[in-house]
Structure formats: C-alpha cells, structure tokens
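*Asks:* Could you have a look at this structure, given as structure tokens, before my questions?
The values are calculated or read from the model by the stated rules, or taken from the named source; none is laboratory data. Just so it is clear, the structure is predicted and the values come from calculations on it, not from any experiment. Methodologically, a virtual Cβ is constructed for each residue, glycine included, from the backbone with ideal geometry; neighbour enumeration extends over all protein chains shown. Areas reflect the complete protein model, heavy atoms only, side chains present, ligands, DNA and RNA absent. Shrake-Rupley method; radii C 1.70, N 1.55, O 1.52, S 1.80 Å.
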Amino acid sequence: MSQKRLFSRLLLSFVCIVVFLQSREVFGSCQQTLDQQVEVQVQRHGTDPAAVVKSTMKALHKQLQRLPNASINSIYRDPSHVQEQMSLIYKNFSLSTWLNRLSLIPKMSSLQAFDKTEINYLFTHWIRVRYLTSVYRLVANRELKEVFLENGRFPASVKQSAIHNPAQLIITGYSNFRCQDQIDNKAYDCASDMIFIHTHLSPDILCQSPKLSDDAKVNYLVQKQGHQFKIIDIEIGGRRIYKDSFDEISNLLNAYSYQNLIEYIQIWSFLKTEKTPEKEIQAFRSAVPQISSRLPASQ
C-alpha cells in the first residue's frame with residue numbers, strides 16, 4: 001500500500017472518529033447509564049448516588065402537570081402543592097449545608113435567632129420556586145408543545161406521559177465535582193466529596209431535537225450525609241440554582257434592611273407579602289437537623 005493511500009485512510013479514520021465524538025457530544029446526553037455503571041457507584045459508595053434524584057424529582061415534577069382551568073402559578077401558590085414540595089425538600093435536599101453556608105454571611109450573624117430562621121425558611125422557598133420555574137420553562141412546557149404541534153409524530157403513550165408525568169428523567173452519567181472558585185468555596189462544603197448526577201428530562205420527546213435536547217440537560221450535585229445522599233445544588237440552563245441564589249442573597253443582605261429583604265424574598269418565592277406565620281417557621285425548624293452535619297467549606 002502506498003504512503004499516499006495509507007495517509008488517506010488514516011485521515012478518513014480520523015474524520016470518522018471526530019464525527020463520532022461530535023455526535024456523542026450532541027446526543028450522548030440521551031443515553032441512559034448502563035447497569036454496570038450504576039453497580040460501580042454502588043460498590044464505591046454503598047448506594048446509588050442517583051437514587052435520591054430519581055425519587056425526589058419523580059414526585060416534584062408530577063406537580064408540573066397542567067390541571068384543567070388551573071393557572072401555572074397554582075404550582076407555586078396552592079397550599080397543598082407547596083406543602084408537598086417543601087416536604088420533599090426537607091427530606092432530600094441538604095438543608096443543613098444551606099443553613100451552615102448562610103450562617104457564614106457576615107450580616108446574618110447580627111440578626112436575631114427568629115430572623116435568621118425566617119430568612120432560611122424563605123430562602124428554601126426561593127430555591128423551590130427557581131427550580132420548578134426553570135424546569136417548567138425549559139422542559140415541561142416545551143415537551144407539551146412538541147407533542148401537540150407535532151401531532152402524530154409521537155405515539156399516544158408518549159403524549160399521555162408528557163401530559164400526566166411531565167419532565168420525566170433518565171440518568172445519563174456520573175462525574176466527580178471539585179470546587180473551582182471562591183464562590184464555590186463559600187457556597188459548598190468543599191472538604192467533602194461531591195458528585196454530579198447527569199440527567200436528561202423528557203428524553204422520549206426532547207432528545208429528538210438537538211436544540212431542545214440541550215435545554216433538557218440537568219445536573220444534580222449530591223453529597224453523602226451519613227448513609228444517604230442529599231441534593232445540594234441543581235445546574236440547569238447554564239446556572240446553578242443554589243450557588244447563584246447564595247451569591248444574590250449575600251448581596252441583598254448588604255443592600256437592604258431586614259424588613260425589605262423579607263418582602264423581596266416573599267415576592268420572589270411566590271408567597272404572600274406578609275410576615276411568615278410562626279407555625280410554618282417552627283415546621284421548618286423541626287425539619288432541619290439540630291446539629292449540622294457539615295463543616296465550614298475550605299477557604
């Protein structure tokens with residue numbers, strides 16, 4: 001074989017590899033993890049780190065379904081919805097880490113104990129609303145439009161699933177996470193291992209379009225507490241919901257009085273603009289471990 005012909009074949013092989021890797025970059029997020037990958041995680045951690053994501057989001061996303069004659073705002077405001085959403089967050093999100101990090105904001109230390117607890121409580125609502133709004137805007141609403149605009153393209157079972165169980169997810173991979181900057185160090189417990197759970201929402205529908213597929217990629221950052229994993233952040237649409245919110249509330253605490261801050265957070269959390277009932281604050285307090293399981297982040 002001539003050197004010229006050999007070079008041509010090598011060049012063709014290289015081009016094929018590049019195309020293959022590029023296609024995996026675009027569509028790889030729609031490939032569900034293999035059983036062997038899950039087993040590696042179980043052997044390493046004693047449990048599947050993705051289990052908390054699968055169970056929590058199945059219940060949380062269920063509430064995104066559009067009920068007849070119901071406003072989308074009912075997802076955030078209806079007491080029965082809110083109670084269930086907050087219960088899921090109390091159980092499966094790392095509230096102890098959030099409270100530990102918020103307590104390091106200088107102005108928080110000058111507040112009375114009740115005021116601190118009220119801000120913590122409202123901050124949790126803020127995270128809840130930002131997550132559900134992002135998922136609805138980027139995923140649930142788009143998958144509904146796809147199945148109705150492209151009538152006949154998807155099987156009836158897929159259409160019904162989108163209506164009754166919006167934004168279903170599949171686990172597409174795992175990756176270790178290390179703190180990269182000063183805000184990471186302030187927002188997270190960087191001394192403990194963290195794992196990104198890579199997922200794709202509404203894979204049966206949004207994976208069909210590379211443009212829509214990118215918006216449906218969601219990464220859940222988890223950290224082990226005791227024998228189970230807890231969710232400490234969610235990366236969606238190019239932003240990390242907790243990290244960005246932590247940075248914003250730090251700035252707000254420096255810019256506004258306590259009363260103004262409470263009002264702003266209540267508005268952004270889709271809550272009534274009145275003082276939070278103490279019974280709800282007490283329910284929040286009882287859901288948070290008395291002794292934080294987290295150490296201060298490495299500085």
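*Asks:* Provide the per-residue ³J(HN,Hα) series for the range 193-198, in order, calculated from phi with Karplus coefficients 6.51, -1.76, 1.60 and θ = phi - 60°, each as a whole number of Hz, with x at glycine and proline positions.
*Replies:* Per-residue couplings from phi come out as 5, 10, 10, 8, 9, 8 Hz.
*Asks:* Hey, got the Cα dimensions of the range 128-285 along the principal axes, in Å, largest first?
*Replies:* Largest to smallest, the principal-axis extents are 55, 38, 29 Å.
*Asks:* Collect residues whose amide H, placed 1.01 Å from N in the peptide plane, falls under 5 Å from the amide H of residue 174; neighbours closer than 5 in sequence don't count.
*Replies:* Those qualifying (amide H under 5 Å, at least 5 residues apart or on another chain) are 198.
*Asks:* Could you report the chain's accessible area per residue, 1.4 Å probe, as an integer in Å²? All intermediate terms of the calculation are to be shown ahead of the outcome.
*Replies:* On the way: 16070 Å² over 299 residues.
Here the residues of the chain average 54 Å² of exposed surface.
*Asks:* May I pose another question? Over the Cα atoms of the range 215-262, compute the convex hull volume and normalise it per residue, giving Å³.
*Replies:* Once divided by residue count, the hull of the range 215-262 is 110 Å³.
*Asks:* Assuming R0 = 35 Å, can you tell me the calculated FRET efficiency for the pair residue 62 and residue 40, based on Cβ-Cβ distance, to the nearest 0.05? Let's see the in-between values first.
*Replies:* On the way: r = 30 Å, r/R0 = 0.85.
Working from the Cβ atoms, E equals 0.70.
*Asks:* While we're looking at this one, here's another question. Compute the signed sum of charges (Lys and Arg +1, Asp and Glu -1) over the other residues within less than 12 Å, Cβ to Cβ, of residue 139. Don't skip to the answer; put the middle values down first.
*Replies:* On the way: positive: 137, 142, 145, 217; negative: 143, 146, 214, 215.
Summing Lys and Arg as +1 and Asp and Glu as -1 gives 0.
*Asks:* Another question, if that's okay. Taking amide H atoms as placed 1.01 Å from N in the peptide plane, list the residues 5 or more away in sequence, or in a different chain, whose amide H sits under 5 Å from that of residue 276.
*Replies:* It is none; the list stays empty.
*Asks:* Can you give the FRET efficiency to the nearest 0.05 for residue 165 and residue 83, using r as the Cβ-Cβ distance and R₀ = 22 Å?
*Replies:* E between residue 165 and residue 83, to the nearest 0.05, is 0.60.
*Asks:* Among 104, 36, 254, whose Cα projects farthest towards the positive end of the dipole of the chain, with charges put on the beta-carbon of Lys, Arg (+1) and Asp, Glu (-1)?
*Replies:* After comparing all options, I get 36.
*Asks:* Provide the gained length on full extension for the span residue 153 to residue 107, in nm with one decimal, where the gain is 0.36 nm per separating residue minus the Cα-Cα distance.
*Replies:* This chain segment gains 11.0 nm when fully extended.
*Asks:* Additional query: Using a 1.4 Å probe on the protein heavy atoms, what percent of the accessible area of the chain belongs to carbon and sulfur? Don't skip to the end; give the middle numbers.
*Replies:* Working: 8520 of 16070 Å².
Result for the chain: 53 percent of the exposed heavy-atom area is carbon or sulfur.
*Asks:* While we're on this one: Using the Cβ atoms and a cut-off under 11 Å, what net charge is assigned to the surroundings of residue 222, where Lys and Arg are +1 and Asp and Glu are -1?
*Replies:* Cβ neighbours under 11 Å give a net charge of -1.
*Asks:* Rounded, prolate or oblate: which one fits the range 111-211, using the alpha carbon gyration tensor with axes a ≥ b ≥ c (rounded when a/c is under 1.5, else prolate when a/b beats b/c, else oblate)?
*Replies:* Verdict is oblate for the range 111-211.
*Asks:* Using 0.36 nm times the number of residues separating residue 288 and residue 259, minus their current alpha carbon distance, what extension gain do you get?
*Replies:* Length gained, residue 288 through residue 259: 8.1 nm.
*Asks:* A further question follows. Between residue 182 and residue 137, what is the label-to-label distance in nm when each label sits 7 Å out along the Cα-to-Cβ direction?
*Replies:* Label at residue 182, label at residue 137, 2.8 nm between them.
*Asks:* With +1 on the Cβ of every Lys and Arg and -1 on the Cβ of every Asp and Glu, and nothing else charged, how large is the dipole of the chain about its Cα centre, in debye rounded to the nearest 20?
*Replies:* 500 debye
*Asks:* What's the magnitude of the charge dipole for the range 189-299 around its Cα centre, counting Lys and Arg as +1 and Asp and Glu as -1 at the beta-carbon? Answer in Debye, nearest 20. Don't skip to the answer; put the middle values down first.
*Replies:* On the way: 12 positive and 14 negative charges, 49 e Å.
Dipole magnitude for the range 189-299 comes out near 240 debye.
*Asks:* A further question follows. Using only helices, what value at 222 nm comes out for the chain when you add -39,500 (n - 2.57) per DSSP H run of length 4 or more and divide by the total residues, to the nearest 500 deg cm²/dmol? Before the final figure, lay out each step's value.
*Replies:* Details: 15 runs with 167 residues, N = 299.
That comes out to -17000 deg cm²/dmol.
*Asks:* Still on this structure, I have one more. Net charge near residue 64, counting Lys/Arg +1 and Asp/Glu -1 over other residues with Cβ under 13 Å of its Cβ?
*Replies:* +3
*Asks:* Sequence gap at least 6, Cα distance under 8 Å: using those rules, report the relative contact order of the chain to the nearest whole percent.
*Replies:* Details: 352 pairs, mean separation 71.8, N = 299.
Taking the mean separation of contacting Cα pairs over the length of the chain, I get 24 percent.
*Asks:* Moving on to the next point. Taking amide hydrogens as modeled 1.01 Å from N in the peptide plane, which residues meet the under 5 Å criterion relative to residue 93, leaving out close sequence neighbours?
*Replies:* Residues meeting the criterion, in which the H sits 1.01 Å from N, are 231.
*Asks:* I've got another one for you. Write down, largest first, the equivalent ellipsoid semi-axes of the chain in whole Å, where each equals the square root of 5 times an eigenvalue of the alpha-carbon gyration tensor. Intermediate values should be presented prior to the final figure.
*Replies:* On the way: eigenvalues 292, 131, 61 Å².
Equivalent-ellipsoid dimensions as semi-axes: 38, 26, 18 Å.
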